[in-house]
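The values are calculated or read from the model by the stated rules, or taken from the named source; none is laboratory data. Here the structure is a predicted model, which is why all the values come from computation and not from measurement. Glycine also receives a Cβ, built like all others from the backbone with ideal geometry; neighbour counts cover every protein chain displayed.
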Amino acid sequence: MTNREPTPSLRSRLCERTSLQDETLIAAAQQGDAAAFEELVRRHQEGAFRAAFLVLRDADEAEDAAQEGLVKAYKAIRSFRPGHEFRPWLLRIVINQALTMHRSRRRGVAAAERLAVRERPLPHSIDETVIDRERARLVWAALESLREQERVVVYLRYFLNLPERELAEYLGCAQGTVKSRLHRALGKLREVVVQRYPQLLGETT
Amino acid sequence: MQQEIDRLERDITLLSRAIAFPEAPSLASRVRSRIEADRTRRAPSWQLALTAIAAAAVALAFIAGVASPARDAIADLFDRINIFETAEVPKDLTREISGTQVTLEEAEARLGLPLLLPGDAATTEPDRVLIQDFRSVKAAVLFFRHSDGTPYALFETNAPVGKGLPIAGKGVLSSSQAQPVRGLGDEAYWLTGLRIVQYYDPSGAVIRDSVRATEENTLLWSANGRVFRIEGNLTQEQAIGIARSLK
């Protein structure tokens, strides 16, 4: 074959794909490129799954919610505005999907069972060198007693480590407002703890 | 009160560090499959049949432990071309290579690229030349005979060699019907067995006119930013010889 300008191999372009910026992939996805969106999902699927898991506290349901939410995100990708943070935009769709499933589940169970749902156990594995298991269980249960939006703010900030900039994007508020929203959520948590889990405010269990 | 809030905040932080999340499932390929399925939902009946066949092939491969859905069984080899394995072909899906018969010069003009010709053909002139014009993608198809008389078709397209996005490399390598060929062009694959060939437009939609089935041995490769394909009942060595002789 005649040789002209050498081109990078397909394999190296495959590697390049993984180094593409989210913005490039988002632009391609907005043009209908499903493969570009697939790569975006690959990058963000862990966060999406964890967010859904925190809401639903069940791995199978979280998987369903995350998948459904990600498909919805693709359908809505053209509404994503360039220059904004992508992760909070994506997480909002996934979390809304998880919350919808959560509400549906709660509507579908009797009152007694609802209590059982609220008391869903901790994930099977807790590093007890970091926090005592019983204390972890009580904090976990107290968080479940918060209102949806308060709970989600706590999850995003402390469990998914979203910086304030992205949290502001998620909440649709100024960055300066994020601290007060977090403080308000923690204040509500304190009220719950005082009423239901006062031992958390005593000596370390 | 603030002390209590601080203490709760510390507990939450500790819990977030201590908690072991279940392992996140691999959702990317499944989400992609859902998206593709939604796209084909409004497709004509034979396209729906193709989707079902592709899904069945994927499922079989999955059950057999050979591949995982979407990613491994469907091999997106190049940017605008998709070739995937299938167990059967819908009755009304053609195996014929369609196109408009043109001269070699016309094909080159319409493709907008210089055509490369094999030095290993029985004659330097092709038996016939077709131009396939799928609007956003064009292909010149040159029908030759190998020096042993075996007919084959050489496809030269103006499809870009990927933006690096849709290549499911792992699938290509793991597929029993798509084996990588070393030392030819930038990347090359030897394909055997029953397959569906289709082209995509820039939006990622399948170009209906382009879809056909083939069972002929195929050498697919990229070189110098272009995509080439040889289809015919040639051996792998013969096809590679032809590819190397192009000039």
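The rows are residues; the columns are (1) within 19 Å of B:E4 (Cβ to Cβ); (2) under 15 Å from the mean Cα position of the chain (by Cα); (3) touching a residue at least 24 places away in the same chain (Cβ under 8 Å).
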{"position": "A:E148", "(1), (2), (3)": "no, yes, yes"}
{"position": "A:P163", "(1), (2), (3)": "no, yes, no"}
{"position": "A:A168", "(1), (2), (3)": "no, yes, no"}
{"position": "A:C173", "(1), (2), (3)": "no, no, no"}
{"position": "A:K179", "(1), (2), (3)": "yes, no, no"}
{"position": "A:R184", "(1), (2), (3)": "yes, no, yes"}
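Just give me the residues in segment A:186-198 being assigned to a helix (DSSP H, G or I) and closer than 12 Å to B:L8 by Cα, in sequence order. A:L186, A:G187, A:K188, A:L189, A:R190, A:E191, A:V192, A:V193, A:V194, A:P198 - these are the residues of segment A:186-198 that are assigned to a helix (DSSP H, G or I) and closer than 12 Å to B:L8 by Cα.
Kindly list the number of the only condition in (1) closer than 23 Å to A:Q31 by Cβ; (2) of a type outside the set (S, T, N, Q); (3) touching a strand residue (DSSP E or B) at 6+ places or on another chain (Cβ under 6 Å) that fails for B:G225. Result: B:G225 fails condition (3) only. Here B:K138 does not fit the description of being surrounded by 15 or more Cβ atoms within 10 Å (Cβ to Cβ) and either at pLDDT below 70 or within 14 Å of another protein chain (Cβ to nearest Cβ) (or both). One residue stands out among those in segment B:152-191 that are at pLDDT below 50 and of a type in the set (A, V, I, L, M, F, W, C): the one that is surrounded by the fewest Cβ atoms within 10 Å (Cβ to Cβ), which is B:L173. For the condition within 14 Å of chain B (Cβ to nearest Cβ) and modelled with pLDDT of 95 or more, what is the one hit in A:L90, A:L56? Sole residue among the options that is within 14 Å of chain B (Cβ to nearest Cβ) and modelled with pLDDT of 95 or more: A:L90. Looking only at residues of segment B:201-216 that are assigned to a loop (DSSP other than H, G, I, E, B) and under 21 Å from A:E38 (Cβ atoms), we find that the one that is modelled with the highest pLDDT is B:I207.
Contact map, segment B:139-158: first residue on the phi > 0 side of the Ramachandran plot, second residue among the small types (G, A, S), Cβ cut-off under 8 Å, separation 6 or more or different chains; pairs are B:G149/B:A122.
The set of residues in segment B:8-30 being assigned to a helix (DSSP H, G or I) and either out of contact with any strand residue (DSSP E or B) (no Cβ under 9 Å at 6 or more places or on another chain) or surrounded by fewer than 19 Cβ atoms within 10 Å (Cβ to Cβ) (or both) consists of B:L8, B:E9, B:R10, B:D11, B:I12, B:T13, B:L14, B:S16, B:R17, B:A28, B:S29, B:R30. If you scan segment A:31-53, which residues turn out to be at the interface with chain B (Cβ under 7 Å from one of its Cβ atoms) and small (G, A, S)? Result: A:G32, A:A34, A:A35, A:A36.
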